[in-house]
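Student: One structure coming up, written as structure tokens, with questions to follow.
Values in this text are rule-based calculations from the coordinates and carry no lab data. The structure displayed is predicted, hence computed values, not measured ones. Cβ: placed from backbone, ideal geometry, glycine included. Neighbour counts: every protein chain shown.
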Amino acid sequence: MTKDPKDQLTETGKGESVPLVRMDETGPGSISPKGKPDTFEPISSAFEESRDGSIGSFQGSIQEKIAQEVERKRREGAFPPSFERRLRDSFERLIPQGGGTSREDFWSLFRSTDRAAFMDIDVPVASNTPGVSKVKRLIRSLTAWYLNYLLQQITNFTANLMQLIAAIDLRIKSLEDRIPPPAESIGRSVAIPISEKTDRFVSDLLANSPGRLIIADCSASNVLSSLAKSGADVYGVDTDETVLDQLQQGGLDVRLSSTLEELKNVRAGSLGGVLLQGSYELESLSKIRRILKSAAEAVEVGGKIVLITHPPDLKLNDAESKISIDLAPGHLMHTETWEELLRCVTPKLSARSEQGTETFSECVIIAEKVSDQQGSAS
Amino acid sequence: MEIHQFVPSFAPRDAIGQHALALRDLLRELGANSEIFADEIKPGLESQARPYSRFHPMPSKNRWLIYQGSTLSPMAHKLSERREPLIINYHNITPPHLVQSWDFGASVATSIALDQMGKLSTVARGAIAVSRYNARDLVELGFKDPVVASPFIPHQNVSPRLDKDTPRGALWLFVGRIFPNKAQHDLIAALAAYKRIFDKDAKLILIGKRTSERYALALESYAEKLMVSDSVLQSGSVTDDELAGYYHEADLFVTTSEHEGFCFPIVEAMRHRLPILAYASSAIPETVGDGGVLLKDKSPVEFASAAWLLLNDSQLRGDCYAGAEEQLRKYSYQSAKMQNLSALASFIPPLQKEL
């Protein structure tokens with residue numbers, strides 16, 4: 001087996017003069033070439049400490065205290081659900097798009113690059129040392145023919161390069177024009193009503209889950225409130241600030257965040273379960289895949305991902321819902337497609353579906369995260 | 001025996017400059033002819049270093065070169081062409097992506113600096129990193145067997161602060177240049193949360209040179225938007241005495257830096273017996289050890305809650321001080337001396353008799 005290059009590191013003496021041992025010669029904790037026991041700490045574990053932020057038992061016990069304090073303040077309503085989001089957004093608006101991601105910044109960057117592409121052959125010849133200035137001038141005039149020749153070629157190259165970048169920008173712009181705007185920019189959010197029966201079924205399903213639960217688009221159903229009442233460790237996320245304020249006043253732990261954003265921010269394997277409901281099923285396919293992948297990463301082995309879905313032939317009566325669904329970036333999908341998607345996204349999920357209710361024909365798909373071995377076997 | 005060091009920018013009170021000076025003195029104690037050569041020598045240090053352009057043009061058999069790598073420098077290329085054995089002492093280079101949005105030029109420079117360092121891996125006799133995090137970076141840059149040796153941290157005579165709970169009017173202190181990779185904006189967000197939830201009289205002092213004016217101005221705007229501008233002070237650079245005064249007056253040392261190759265101010269805070277609260281990025285967990293509280297993410301509310309606990313739980317602070325004592329022993333002059341000597345001896349045979 002090839003040794004990981006990260007394990008090839010060595011630490012020098014700790015307080016005493018000790019012979020240096022390389023890990024590729026003797027390995028940690030072994031005997032050094034001079035026969036003296038190697039007293040170095042295993043390097044790999046310390047690296048984990050520094051690289052991924054995982055920390056030891058002393059720090060671990062403090063983390064628990066901090067988490068309890070945060071929880072207490074959240075439940076006390078010491079800050080609104082949108083508080084952290086507002087703090088983050090306020091700074092994001094100040095970040096310059098130096099990489100040229102917006103059109104204005106792109107052209108500003110383009111112009112400065114264009115200016116920088118011009119090269120000056122007129123080398124400065126000033127000097128504080130007497131006579132050196134004359135020597136420099138002489139060298140400049142003697143080498144001018146040579147530099148001119150090179151400069152012409154460089155200028156020709158940079159001019160072509162800038163032209164090429166401008167042409168690429170035109171092609172990108174024409175591609176951008178063909179892409180439909182996302183639903184958010186149309187100004188509509190999609191929420192298909194969820195029946196009470198499904199509401200109860202899902203609440204019962206998740207009530208005894210070990211570990212923390214996240215309820216996505218929590219204003220779409222009463223699952224959050226039912227689970228909180230039953231004593232589950234649960235919080236909800238939603239992008240509707242007004243609804244969140246009301247839910248918080250009712251003593252619920254809620255946060256202003258999109259489903260994807262929240263799932264990406266939680267530590268891998270730290271959740272007991274995730275309920276996906278509401279607008280996610282009308283997102284674009286690529287976003288749905290990202291949501292499912294993030295959910296699969298966020299739940300622990302044995303944790304559940306529960307999806308409430310609606311079939312493509314869903315009949316709706318109110319005009320608002322019809323328009324929202326028509327203008328959504330994605331479309332409703334069959335249960336089989338959802339199951340296939342879950343399988344594609346990660347083999348660590350084992351999915352089954354429950355039949356829907358008479359009113360809305362909803363379907364509840366339950367996926368459970370299995371261990372690596374089970375995942376590869378299936 | 002000649003062992004010379006090469007420092008891109010030799011500046012007073014700079015961590016790398018101080019390390020180079022201490023190493024030079026140690027090498028001279030051991031009988032080596034040792035000088036510091038630099039691309040840029042800041043005023044006041046002319047007697048301690050010489051311009052690189054005055055370095056011997058001809059190679060010598062009994063000479064070793066140590067490059068203190070931390071930034072883009074034309075010396076890197078020149079040193080790679082010398083015949084003498086070259087040893088890299090790596091202090092880390094800021095990853096370009098952390099500064100790209102704010103300073104495109106700086107991101108290009110750090111990108112080239114990383115490339116330079118990678119090229120040195122093919123010619124260097126060996127490499128020494130000041131932290132395990134840095135050693136891992138060196139491996140990624142192509143160095144085969146980097147060795148870890150703590151940096152020399154200048155000794156200071158400090159009188160430790162008196163420990164006390166701080167339920168009101170806490171003073172948070174950050175020390176380091178104002179630059180995007182230090183992420184001082186996260187500290188401002190955390191302070192806003194702390195003021196709202198725990199202590200409306202709390203304040204934050206950011207000490208350090210405004211290396212990125214654009215970012216420094218954004219910090220001011222951000223503090224205004226969050227309505228905490230009266231509680232956030234950017235002091236700029238300060239003298240040694242002023243800095244010691246700030247360490248003494250502060251109640252909490254804070255950092256949310258995204259990238260540190262070592263982080264000297266943490267050790268300074270430990271010497272002043274100042275509680276430490278830090279985001280666990282890059283080399284920070286190594287430097288802090290159990291001498292402070294580490295956070296795995298930057299949630300402003302979590303940071304504020306941790307600050308509140310640390311400032312009002314004397315038992316927790318006591319545990320941290322005990323951990324800090326341990327770290328200070330680890331980073332003592334004697335320990336750094338043994339580690340650096342042992343590391344250098346593996347690349348410079350005449351030094352082996354000194355072990």
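Student: For the range B:171-330, what is the charge dipole size about the Cα centre, in debye to the nearest 20, if Lys and Arg each add +1 at the Cβ and Asp and Glu each add -1 at the Cβ?
Tutor: It works out to roughly 280 debye.
Student: Could you work out the percent of alpha carbon pairs in the range B:2-134 separated by over 24 Å, rounded to a whole number?
Tutor: 27 percent
Student: Shifting gears a bit: Which whole-Hz couplings ³J(HN,Hα) result when phi for each residue of the range A:167-176 is put into the Karplus expression 6.51 cos²θ - 1.76 cosθ + 1.60, θ = phi - 60°, listed in order with x for Gly and Pro?
Tutor: 5, 4, 4, 4, 5, 5, 4, 5, 5, 4
Student: Right, here's the next one. How large is log10 I(q)/I(0) at q = 0.13, 0.14, 0.15, 0.21 Å⁻¹ when the Debye formula is applied to the Cα atoms of the range B:171-330, each weighted equally and without solvent?
Tutor: Relative scattering, expressed as log10 I(q)/I(0), comes to -0.54, -0.63, -0.73, -1.53.
Student: Based on other C-beta atoms within 10 Å, arrange B:Met1, B:Met227 from fewest to most.
Tutor: B:Met227, B:Met1
Student: Another question about this same structure. Which whole number gives the average, over all residues in A:58-71, of C-beta atoms from other chains lying within 10 Å of the residue C-beta?
Tutor: Mean number of neighbouring Cβ atoms from other chains: 6.
Student: Let me know the volume per residue of the alpha-carbon convex hull for the range A:103-178, in Å³.
Tutor: In the range A:103-178, the Cα hull volume divided by residue count equals 71 Å³.
Student: Could you tell me which of A:Ile165, A:Leu142, A:Phe118 has its Cα farthest along the dipole of the range A:103-178 towards the positive end, charges placed at Cβ (Lys, Arg +1; Asp, Glu -1), taken about the Cα centre?
Tutor: Going by the charge dipole, the pick is A:Leu142.
Student: Taking each residue in B:134-147, count the Cβ atoms of any other chain within 10 Å of its Cβ, then average. What number comes out?
Tutor: Average neighbour count from other chains, rounded to a whole number: 4.
Student: Helix B:15-29 against the longest principal axis of chain B: what's the angle in degrees, Cα atoms only, rounded to the nearest 10?
Tutor: 40 degrees
Student: Counting only other residues whose beta carbon sits under 12 Å from that of B:Lys200, what net charge do I get with K and R as +1, D and E as -1?
Tutor: Neighbour charge sum, excluding B:Lys200 itself: +1.
Student: Quick one: putting +1 on the C-beta of Lys and Arg, -1 on the C-beta of Asp and Glu, what dipole do you get for chain B around its Cα centre, in Debye to the nearest 20?
Tutor: That gives chain B a dipole magnitude of about 780 debye.
Student: Could you check how many percent of all C-alpha pairs in the protein assembly as shown are farther apart than 44 Å?
Tutor: It works out to 38 percent of all Cα pairs.
Student: Now a separate question. Compare the peptides A:310-316, B:217-223, B:15-21, B:55-61 by average per-residue count of other Cβ atoms within 10 angstrom and give them in order, highest first.
Tutor: By packing density, highest mean first, the sequence is B:15-21, B:217-223, A:310-316, B:55-61.
Student: While we're looking at this one, here's another question. Mind checking the angle between helix B:314-330 and chain B's longest principal axis? C-alpha axes, 0 to 90 degrees, to the nearest 10.
Tutor: Compared with the principal axis, the helix lies near 10 degrees.
Student: Going from the alpha-carbon gyration tensor of chain B, what semi-axes, largest first and in whole Å, does one get by taking the root of 5 times each eigenvalue?
Tutor: Over the Cα atoms of chain B, the ellipsoid semi-axes are 37, 22, 17 Å.
Student: Report, in debye and to the nearest 20, how large the dipole of the range B:67-123 comes out about its Cα centre when Lys and Arg carry +1 and Asp and Glu carry -1 on their Cβ.
Tutor: 180 debye
Student: Calculated from DSSP H runs of 4 or more alone, at -39500 (n - 2.57) each and per residue, what is the 222 nm mean residue ellipticity of the protein assembly as shown, nearest 500?
Tutor: -13500 deg cm²/dmol
Student: To the nearest Å, what is the center-to-center distance of the range B:164-189 and the range B:308-355, using C-alpha atoms only?
Tutor: 25 Å
Student: Based solely on C-alpha atoms, express the radius of gyration and the Dmax of the range A:212-363 in angstrom.
Tutor: 15.2, 42
Student: Follow-up question, since we're still on this one. Within 10 Å of each candidate Cβ there may be at most 10 other Cβ atoms; applying that plus a DSSP loop requirement, which trypsin sites (Lys or Arg not before Pro) in the range B:316-352 survive?
Tutor: Listed in order of number, the matching sites amount to none.
Student: Tilt of helix B:240-249 relative to the longest C-alpha principal axis of chain B, in degrees (0 to 90, nearest 10)?
Tutor: The angle comes out at about 30 degrees.
Student: Quantify how strongly other chains surround peptide B:280-293 by giving the mean number of their Cβ atoms within 10 Å of each of its Cβ atoms.
Tutor: Mean partner shielding for this stretch: 4.
Student: In this model, which of A:Lys65/B:Lys164; B:Lys182/B:Lys225; B:Lys203/B:Lys298; A:Lys229/B:Lys200; A:Lys197/A:Lys264; A:Lys65/B:Lys298 are farther than 22 Å apart at the alpha-carbon?
Tutor: The pairs that break the limit, which is 22 Å between Cα atoms, are A:Lys229/B:Lys200; A:Lys197/A:Lys264.
Student: Placing +1 on the Cβ of each Lys and Arg and -1 on the Cβ of each Asp and Glu in the protein assembly as shown, which of B:Ala124, A:Thr242, B:Ile207 has its Cα farthest towards the positive end of the resulting dipole?
Tutor: Comparing the listed Cα positions along the dipole, B:Ala124 ranks first.
Student: While we're looking at this one, here's another question. Long-range amide H contacts for B:Phe179: which residues qualify at under 5 Å (H placed 1.01 Å from N, peptide plane, sequence gap of 5 or more or a different chain)?
Tutor: Here the answer is B:Gln184, since their amide H atoms fall under 5 Å of that of B:Phe179.
Student: Additional query: With 10 angstrom as the radius, rank B:Thr255, A:Thr346 by how many other C-beta atoms surround their C-beta, starting from the fewest.
Tutor: A:Thr346, B:Thr255
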